[in-house]
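A short worksheet on the structure shown next.
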Amino acid sequence: MFAADFEPAERSTRRGSPRAPIALDVSIGKTHRTLCKVVDISINGARLQTYSALKRGSNIWLNLPHIGQVAATVMWADDFTAGCQFRKPLPLAVFATLTSTDENADATAR
């Protein structure tokens, strides 16, 4: 008779940290000319809905409230949705402020 212990493998994701749903209107670029919406965010990156297509590998400036311009690299892009990775992780206090505003709680509840 054969007997073996079974232990399921932990599910791994490509993300370095969990993302929080958010609805935050921001701009891209040093001149703040390109508008977009952050639809989820982590300390390491964000998913964006854009009005103009972004290209994978592009370096962008994402203008976030409470912190200002954040350098990021577009990791993937599909039509008008893109995922970016911040060059430096967001400070935890800034992340908490961005994800706990009443405006975002109302928007993500819809």
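So here's what we get for this one:
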quantity: Those residues of region 38-96 which are among the basic types (Lys, Arg) and within 14 Å of residue 19 (Cα to Cα), in sequence order; calculated: 47
quantity: Criterion: within 19 Å of residue 31 (Cα to Cα), surrounded by 13 or more Cβ atoms within 10 Å (Cβ to Cβ) and either modelled with pLDDT of 90 or more or basic (Lys, Arg) (or both) - qualifying residue of 94, 74; calculated: 74
quantity: Considering residues of region 24-37 that are of a type in the set (A, V, I, L, M, F, W, C) and free of Cβ contacts under 8 Å to residues at least 60 places away in the same chain only, the residue nearest to residue 95 (Cα to Cα); calculated: 26
quantity: Top-ranked residue of region 29-70 - restricted to ones that are touching a strand residue (DSSP E or B) at 6+ places or on another chain (Cβ under 6 Å), modelled with pLDDT of 95 or more and among the β-branched types (Val, Ile, Thr), ranked as surrounded by the fewest Cβ atoms within 10 Å (Cβ to Cβ); calculated: 39
quantity: Pick from region 5-28, criterion charged (D, E, K, R) and modelled with pLDDT of 75 or more, ranking: surrounded by the most Cβ atoms within 10 Å (Cβ to Cβ); calculated: 19
quantity: Neighbours by Cβ (under 8 Å, 6+ apart or cross-chain): first from region 83-102, farther than 19 Å from residue 36 by Cβ; second polar (S, T, N, Q) and crowded, with 16+ Cβ neighbours inside 10 Å; calculated: 89/44
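The values are calculated or read from the model by the stated rules, or taken from the named source; none is laboratory data. Predicted model, so just to flag it, every value in this text is computed and none were measured. With ideal geometry, Cβ positions are generated from the backbone for all residues, glycine too; neighbour counts draw on all protein chains shown.
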